[in-house]
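Q: Structure incoming, see below.
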Amino acid sequence: MSENTESRYDWDLFVIGAGSGGVRAARTAAATGARVAVAEDRYLGGTCVNVGCVPKKLYSYAAHFPDAFEDAGGFGWQLSEAPRFDWATLRDNKTGEIKRLNGIYGRLLEGAGVRLVQGRACILDPHTVEVAGETFSAERILVAVGGWPWVPEFPGSELTLTSNEVFDLDTFPERFLVLGGGYIAVEFASIFNGLGSQTHLIYRGDLFLRGFDQQVREFTRDQMAAKGVKLHFETNIERIDQRESGLAVTLTDGEVLEVDAVLAATGRRPHLEGLGLDAMGVELTDSGHVKVNDRFETSLPSILALGDVSGGPELTPVALAEAMHLVAHHFGDTPPAAPLDYRNIATAVFCHPNIGTVGLSEEEAREQCGDIRVYVTDFRPMKHTLSGSQERCLMKLVVDDASDVVVGAHMVGEEAGEVIQGIAIAVRAGLTKADFDATIGIHPTGAEEFVTLRTPTRR
């Protein structure tokens, strides 16, 4: 930074939001010698650490134990008494782990020399931020505030929970209803079903997980239903009424369900309220996200944005990658030669069984590539030949016929995310089906199926 810049502003970078993207940008910028401050009004680590990925995965682990207890009998294990689930233990142990992670984030910022300011920030002008009555000037301001749950309005919608509250319920809901059809909806339907709730999932469309491979969606539907989740498609909530015995949920098809809790997993929107962007005329997209260029600059170049507020894939690793790219552009010695590449980003859905996916769906590949080959295997895993479970696994490769490049890989089954993370490297590298075929598998594993698929299922 030039002496002129240092004398003109309090900070080189002022970050609003101490989530994954904001903290990574702050620490990385500080490592270049930049003077950095971060404002946070809620909790360190953002959505992912506090009310997203981390607690969700912990609860997902918990929800798999009933299957493990049941499977154990076929392997000779006899439980001396029936397992009993204690919600308070899970909830409180989760809270303890989150507090530990909050502390780690705080120490990371402190160790990097970043000042943490507590409070909700408001941007007063392109170089000025106010937090809790204190004013700060900065050469660049980064908006990394993430998203906030959105709940549609209908009579009784105020009785619903969002993902912000569902982890910390005082009592366990024996009857649970989820409204929605995305990641959060199918994950929480699986989690509460696994923990022992009588669980309903309500979705207005004909099938959940829009945008995923159609065969993956159908297979997941059937597996979730087999595990006991009661699926209601092409319907919606008309109203919710409080009764002494619980919540009466009236659906648009006329059915009335009585439950103890309703989770509105109906999406998240950029958490921009009160930031002051509208007063300065910062341009938004049609979807309400902050519009940015390849350098993560908004329509006011001194104001930057990344992560869920900017409309890209709403995934923690994406926010981290964006943070690294942003810092390289604005504080690095050599700016990146190309924009951040959002193709072939792997993702997992921690429903039961898990989904792992990378690259193009079969439908997308047919549209983009033309002639394709599709390889599919649908089998009962070896483990369940003794456990007695009827759970099945789906694995699928989508290949561009002209180039032989594997353009998509999909899995529904135990530890799908772990398996697809490795496969994602191959898809990202543009390896061919011949490369997969030449790879010798690890036996006996389910993952070896990805390198032993020889005959196309369809073209």
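Q: Please list 434-447, 152-165 highest first by mean number of surrounding beta-carbon atoms within 10 Å per residue.
A: 152-165, 434-447
Q: What is the gain in length, in nm to one decimal, between GLU363 and ARG100 on full extension, counting 0.36 nm per residue of separation less the C-alpha to C-alpha distance?
A: That pair, GLU363 and ARG100, stretches by 90.4 nm at full extension.
Q: By residue number, which cysteines of the chain lack any other Cys whose Cβ falls under 4.7 Å from their Cβ?
A: CYS122, CYS351, CYS369, CYS393
Q: ASP371 to SER137: extension gain in nm, 0.36 nm per residue of separation minus the Cα-Cα distance?
A: Taking ASP371 through SER137 to full extension adds about 78.6 nm, to one decimal.
Q: Determine how many Å³ per residue the convex hull of the Cα atoms of region 231-322 encloses.
A: Dividing the Cα hull volume of region 231-322 by its residue count gives 168 Å³.
Q: Rounded to the nearest 0.05, what FRET efficiency is calculated for ASN236 and ASP278 with R0 set to 30 Å and r the Cβ-Cβ distance?
A: Efficiency, from the Cβ-Cβ distance: 0.45.
Q: Take every Cα-Cα pair in region 185-295 and report what % of them are more than 24 Å apart.
A: Tail of the P(r) past 24 Å holds 44 percent of the pairs.
Q: Report, in whole Å, the centroid distance computed from the Cα atoms of region 80-130 and region 28-72.
A: Using only Cα atoms to place each centre, the spacing works out to 8 Å.
Q: Can you tell me how much longer the chain between THR334 and ALA438 gets when fully stretched, taken as 0.36 nm per residue apart minus their C-alpha distance, in nm with one decimal?
A: Here the answer is 33.5 nm.
Q: Hey, what's the chain come to in accessible area per residue, 1.4 Å probe, Å²?
A: 46
Q: So, in Å, what gap is there between the alpha-carbon centers of region 392-436 and region 202-268?
A: About 31 Å separates the Cα centre of region 392-436 from the one of region 202-268.
Q: Relative to the Cα centre, what is the charge dipole magnitude of the chain, using +1 at the beta carbon of each Lys and Arg, -1 at the beta carbon of each Asp and Glu, and rounding to the nearest 20 debye?
A: 700
Q: Ordered by packing density, taken as the mean number of other Cβ atoms within 10 Å over each peptide's residues, highest first, how do 306-318, 269-281 rank?
A: Highest mean packing first, the order is 306-318, 269-281.
Q: Moving on. May I ask what percent, to the nearest 5, of DSSP beta bridges between residues of the chain are antiparallel?
A: About 60 percent, rounded to the nearest 5.
Q: Heavy atoms only, probe 1.4 Å: what % of the accessible area of the chain goes to carbon and sulfur, would you let me know?
A: The C+S portion of the solvent-accessible surface of the chain is 50 percent.
Q: Nearest 10 degrees is fine. How inclined is helix 20-31 to the longest principal axis of the chain, computing both from alpha carbons?
A: With rounding to tens, the tilt is 40 degrees.
Q: Can you order the peptides 371-379, 55-63 by their average number of other Cβ atoms within 10 Å per residue, highest first?
A: Sorting 371-379, 55-63 by mean packing, highest first, produces 55-63, 371-379.
Q: Which number comes out as Rg/Rh for the chain once both Rg and the Kirkwood Rh are worked out on C-alpha atoms?
A: Rounded to two decimals, Rg over Rh is 0.99.
Q: A further question follows. Less than 12 Å Cβ to Cβ from THR357, Lys/Arg counted +1 and Asp/Glu -1: what total charge do the surrounding residues give?
A: Value of the local net charge: -1.
Q: Could you tell me the convex hull volume per residue, in Å³, taken over the Cα atoms of region 369-459?
A: Given the Cα convex hull of region 369-459, per-residue volume reads 92 Å³.
Q: Starting at 0 and stepping by 5 Å, how many percent of the alpha carbon pairs of region 364-404 end up in each bin?
A: Taking every Cα pair in region 364-404, the percentages come to 6, 21, 20, 12, 11, 10, 10, 8, 3.
The values are calculated or read from the model by the stated rules, or taken from the named source; none is laboratory data. Computed from a predicted structure; not experimentally measured. Positions of Cβ are backbone-derived with ideal geometry, glycine not excepted, and every protein chain shown enters the neighbour counts. These accessible areas exclude ligands, DNA and RNA; they are computed on the full protein's heavy atoms, side chains included. Shrake-Rupley method; radii C 1.70, N 1.55, O 1.52, S 1.80 Å.
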